[in-house]
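Enquirer: Mind looking over this structure? Questions follow.
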Amino acid sequence: MTDNQQEIFPLVDEEGRVVGKATRGECHSGSHLLHPVVHLHVFNPQGDVYLQKRPEWKDIQPGKWDTAVGGHIDDGETPHEALCREVREELGITDFTPEFMGKYVFESKRERELVYVHRTVYEGQIQPSKDELDGGRFWTIKEIREAMGKGRLTPNFESEFQRFFYE
């Protein structure tokens, strides 16, 4: 399995206004075309954080642990619509209440994303997609702190977690 390199993403300015379109391949080629994504951090009532394991076939950060839900906003889709779609596709969750935490620009050598960050507390059943993920589990804050900087977590998860949730 591979990502569809011809999938069309909207291009946005730093405020989130659509300014054009490009393919996934163009956006992930080092072009630094700014494209929007949504993230959802899922906490259980005890304060543990659910992380997904990225499959080895992913074109970015394969095999690393990452934000519970992360996905691109499709052309013509709002951030809220994308969030609900991605949460349903990746974790099988339809009954959650997202809290918007903020947005920021994440940049790596390969891409540049406008990230819409959300959190939720959830205690229902999570069914990670067998097609999109290599599973997932809840991590304690202590486990996350111990894994930081050791190459087990994605760099964008580490920077985002520190920005929004690190105490």
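Enquirer: Springs between alpha-carbon atoms under 10 Å, Gaussian network over the chain: tell me which of 134, 75, 95 tops the mean-square fluctuations.
Expert: 95
Enquirer: Something else: If you place +1 on the Cβ of every Lys and Arg and -1 on the Cβ of every Asp and Glu, how big does the dipole about the Cα centre of the chain come out, in debye to the nearest 20? Could you put the intermediate results ahead of the total?
Expert: Numbers: 21 positive and 31 negative charges, 105 e Å.
With Lys and Arg at +1 and Asp and Glu at -1, about 500 debye.
Enquirer: If you don't mind, there's one more thing I want to ask. Rounded to the nearest 10 degrees, what's the angle between the helix 155-164 long axis and the longest principal axis of the chain, both from Cα atoms, 0 to 90?
Expert: Compared with the principal axis, the helix lies near 70 degrees.
Enquirer: Now for a different question. Show that you can apply the helix-only estimate: for the chain, add -39,500 (n - 2.57) for every DSSP H stretch of four or more residues, divide by all residues, and state [θ] at 222 nm to the nearest 500. Walk me through the numbers on the way to the answer.
Expert: Details: 4 runs with 34 residues, N = 167.
Theoretical 222 nm ellipticity from helices: -5500 deg cm²/dmol.
Enquirer: Using only the alpha-carbon atoms, how far is helix 79-91 inclined from the longest principal axis of the chain? Give it as 0 to 90 degrees, nearest 10.
Expert: The angle comes out near 50 degrees.
Enquirer: Where does the Debye-calculated log10 I(q)/I(0) of the range 102-167 sit at q = 0.29 Å⁻¹, using only Cα point scatterers of equal weight, no solvent?
Expert: -1.29
Enquirer: Loop-only trypsin sites (Lys or Arg not before Pro) in the range 78-154, please: DSSP not H, G, I, E or B, and at most 11 other Cβ atoms within 10 Å.
Expert: Counting only loop positions with at most 11 other Cβ atoms within 10 Å, the trypsin sites (Lys or Arg not before Pro) in the range 78-154 are 109, 130, 150.
Enquirer: Which ordering of 57, 139 is given by a fewest-first count of other beta-carbon atoms within 10 Å? Could you put the intermediate results ahead of the total?
Expert: Details: 57 11, 139 17.
Starting with the residue having the fewest Cβ neighbours, the order is 57, 139.
Enquirer: Right, here's the next one. Just name one of 122, 141, 57: the one whose Cα is farthest towards the positive end of the charge dipole of the chain (beta-carbon charges, Lys/Arg +1, Asp/Glu -1).
Expert: 141
Enquirer: Where does each of 40, 83, 11 land when they are ranked from fewest to most other beta-carbon atoms within 10 angstrom?
Expert: 11, 83, 40
Enquirer: Report, largest value first, the span of the C-alpha coordinates of the range 16-70 along each principal axis, in whole Å.
Expert: So the extents along the principal axes, rounded to whole Å, are 42, 29, 12.
Enquirer: Pick out, in residue order, every one of the chymotrypsin sites (Phe, Trp or Tyr not before Pro) in the range 59-100 that is DSSP loop and has at most 10 other C-beta atoms within 10 Å; say none if there are none. Provide the component values of the computation, followed by the final result.
Expert: Numbers: sites: 65, 96, 100; in loops: 96.
The qualifying sites: there are none.
We did not get these values from a lab; they are worked out from the coordinates using the rules stated. The structure presented is a predicted model; accordingly, all values stated were derived computationally and were not measured. Quick reminder, even Gly has a Cβ in these numbers, built from the backbone with ideal geometry, and neighbours come from all protein chains shown.
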